[in-house]
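Worksheet for the structure shown next.
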Amino acid sequence: MELKTTKGFHHITMVASHAPTTLAFYQGLLGLPLVKKTVNFDDAGAYHLYFGDTVGSPGSILTFFEWPGIRPGGFGVGGIHHLALGVKTPEGLLMWKRRLMDAGTRVSGPFDRGYFRSIYFRDPDGQVLEIATNGPGYAFDEPVTSLGTRMIQPDSFRMPEGRDEGEIQGTTHESPVPRITDEMSIDGIHHISGITDDLGAAGAFYEEALGLRLVKQTLNQDDGTTKHFFWASYDGEKVEPNSSLTLFEWPGSTHRTRPGTGQTHHIAFRAETEDEQLSWRDHLLEMGVQVSPVMDRKYFKSIYFQAPDGLTLEIATTGPGFHVDEEPGSLGRKLQLPEWMERDRDRIEAGLAPLDIPSDKGNSRLEPVENAIDGD
Ligand SMILES: [Fe+2]
Ligand SMILES: [Fe+2]
């Protein structure tokens, strides 16, 4: 089978300390439906929660391992700096800012990054999140047919010394946003931004291993000494949505990411079919990359490998999908267990904290976030 470029992300998996709090934040406040409530297949005492669009489409899925009691994770080489979710309009973005701030979440922005406008905040465990507008897009400052072919210096007014931070912080939606409107609807994973010590090696890997292409070479708009490069599924005319992986470069840094709560565990790209996944696996082995066997995750099949800087990657199949054990209209309602755990269902359920579906108004458990946020 001739390999194509991956169409983009399948899911991102993060680490949470308390599943009910994670549910309140992602479903209650961000409005992302829980599409699957299950346990870690290697540890029935811990939830594995999946959020996404209403049907759990690839590219929309955020999953969480609940690992209570482990130490918080940290940024560094081989890890993810932040996850960005897409929204259609700048007004929708401002409505998110207002809704999040009214719920006690600290928000920075909106920043005009050129390619999109962005706000930043953290989830209750400290995972840095961004909401970014889908437009104007990467053709903002170079032709769509030659994205990523030259180094682009950001406009000075986008950099910290050129911005009016007071005006930015004062910009929000004029009235409270108790309900999530159509204008605010989240279009899945807009981009994922990681940290590498070697952009050249990382880029060559993503290009060869997954067929991603460089679509932007620029600087971090929050720190002009840091390079910031973007890759995506790009055919020379169009950039696929839900496919942008961006990397900040910390050259020669020995400051590695620390796994833990508030950090990303791994990111998954997608294969359209099981045959395509096997072709990716053969291709990776030919590259000399160590790859896991195909693992059956019930809702998709997975292979795992690592980028040169140590980031754990996965390729997951689009099917069979989240409706294999629940009706499309009632995803995420009941605890789902793999067959070999079913005989222990009563004991497993008794050991898990109840997960109540929160109201649309957010949740009083949410703590304000005090940590500084940077990075575009
Ligand atoms: Fe995964
Ligand atoms: Fe970003």
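Some notes on this structure:
- Subset of region 252-278 (residues that are away from ligand 1 (no atom under 16 Å from the Cβ) and either closer than 30 Å to S17 by Cα or open to solvent by less than 20 Å² (accessible area, probe 1.4 Å) (or both)): S253, T254, H255, R256, T257, R258, G260, T261, G262, E276
- Elements of the type strands (runs of 3 or more DSSP E) sitting completely within region 45-154 and holding at least 2 residues that are more than 16 Å from ligand 1 (Cβ to nearest atom) and without any contact (Cβ under 8 Å) to a residue 60 or more places away in the chain: these cover 108-112, 117-122, 128-133.
- Inside region 172-211, residues that are more than 17 Å from the chain's Cα centre (by Cα) and part of a loop (DSSP other than H, G, I, E, B) make up a count of 13.
- Within region 14-56, the set of residues being more than 22 Å from P338 (Cα to Cα) and aliphatic (A, V, I, L, M) comprises A24, L29, L30, L32.
- Selection status of G194, touching a His at 6+ places or on another chain (Cβ under 8 Å) and within 16 Å of ligand 1 (Cβ to nearest atom): yes
- The residues of region 198-251 that are buried (at least 22 other Cβ atoms within 10 Å of the Cβ) and touching a Gly at 6+ places or on another chain (Cβ under 6 Å), listed by number, are V215, K216, S233, N242, S243, L247.
- Within region 327-349, the set of residues being of a type in the set (D, E) and in contact (Cβ under 8 Å) with a residue 60 or more places away in the chain comprises D344 only.
The values are calculated or read from the model by the stated rules, or taken from the named source; none is laboratory data. Nothing here was measured: the structure is a model prediction, and the numbers come from that model. Using ideal geometry, Cβ is built from the backbone for each residue, glycine included, and neighbour counts are taken over all protein chains shown. Ligands, DNA and RNA are stripped out before the accessible areas are found, and what is left, the full protein with its side chains, is counted by its heavy atoms. Shrake-Rupley method; radii C 1.70, N 1.55, O 1.52, S 1.80 Å.
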